[in-house]
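Let me begin by presenting the structure, written as structure tokens, before commenting on it.
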Amino acid sequence: AQSVTQLDSQVPVFEEAPVELRCNYSSSVSVYLFWYVQYPNQGLQLLLKYLSGSTLVKGINGFEAEFNKSQTSFHLRKPSVHISDTAEYFCAESDRHNQGGKLIFGQGTELSVKP
Amino acid sequence: EAGVAQSPRYKIIEKRQSVAFWCNPISGHATLYWYQQILGQGPKLLIQFQNNGVVDDSQLPKDRFSAERLKGVDSTLKIQPAKLEDSAVYLCASSAPGQGGDYGYTFGSGTRLTVV
């Protein structure tokens with residue numbers, strides 16, 4: 001069965017420090033991978049996606065993620081965070097062979113950026 | 001382009017009452033999804049429509065939840081009767097298959113349901 005594991009439920013970090021949010025995906029199927037951000041009382045906004053090609057994916061707001069097939073990981077990174085990055089972050093996968101298919105989400109990581 | 005519209009934004013009901021949520025997807029998006037997001041968890045798919053047909057409703061508690069998508073555009077999700085554990089944010093999303101891996105997936109702002 002498909003599954004996504006986000007290894008940290010909460011990540012506190014100081015402003016301008018680097019951050020990494022960890023995500024492991026299921027290896028049982030060939031997948032597309034995504035990171036979404038959710039600000040309080042808002043819907044989900046796509047940060048970046050891995051479909052194919054280069055394993056380093058750049059997204060909005062200075063975030064990037066690296067697809068690592070051998071470790072079945074898709075960790076999200078940012079070299080210097082801002083207060084405005086405080087939000088909930090979700091890693092998700094979808095089955096490549098299920099066109100228009102459902103997203104399987106991790107439990108989420110709450111990023112808290114402190115001044 | 002206009003986003004995915006959902007209403008209401010908030011709803012508080014007593015247990016055993018009924019409630020309905022409405023979603024209007026992005027124009028031209030054939031696929032529509034309803035996700036349930038319980039506090040502290042990631043969203044979980046309840047039901048997926050392709051036009052007005054159901055593709056996946058394996059996670060929908062069919063004894064109390066129902067959904068329809070008449071004419072392949074707007075959709076309504078209903079809960080009757082509601083239980084305390086139904087308290088969650090209900091997210092609607094739409095996508096256009098064939099446009100690439102993320103299919104133009106777009107989420108609405110959600111409806112926050114509190115059952116007391």
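Miscellaneous remarks
- For the range A:46-66, the criterion of a residue being under 23 Å from B:Val89 (Cα atoms), within 13 Å of another protein chain (Cβ to nearest Cβ) and touching an Asp or Glu at 6+ places or on another chain (Cβ under 6 Å) is satisfied by no position.
- Residue tally, condition of a type in the set (A, V, I, L, M, F, W, C), within 28 Å of A:Val4 (Cα to Cα), part of a loop (DSSP other than H, G, I, E, B) and touching a residue at least 40 places away in the same chain (Cβ under 8 Å), over the range B:32-81: 2
- Subset of the range B:64-92 that is more than 21 Å from A:Asn41 (Cβ to Cβ) and among the charged types (D, E, K, R) - its residue that is surrounded by the most Cβ atoms within 10 Å (Cβ to Cβ): B:Arg69
- Search result, residues across the range A:12-37 that are outside any strand (DSSP E or B), within 16 Å of the chain's Cα centre (by Cα) and more than 17 Å from A:Thr109 (Cα to Cα): A:Ser26
- Flag if B:Ser95 is among the hydroxyl-bearing types (Ser, Thr, Tyr) and modelled with pLDDT under 95: yes
Listed here are the residues, each with its yes/no results for (1) in a strand (DSSP E or B); (2) surrounded by fewer than 20 Cβ atoms within 10 Å (Cβ to Cβ); (3) modelled with pLDDT under 95.
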| position | (1), (2), (3) |
| --- | --- |
| A:Ser52 | no, yes, yes |
| A:Asn61 | no, yes, yes |
| A:Ala65 | yes, no, no |
| A:Arg77 | yes, yes, no |
| A:Ser80 | no, yes, no |
| A:Glu93 | yes, no, yes |
| A:Asn98 | no, yes, yes |
| A:Lys102 | no, no, yes |
| A:Glu110 | yes, yes, no |
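The values are calculated or read from the model by the stated rules, or taken from the named source; none is laboratory data. All values reported here derive from a predicted model rather than from experimental measurement. Glycine also receives a Cβ, built like all others from the backbone with ideal geometry; neighbour counts cover every protein chain displayed.
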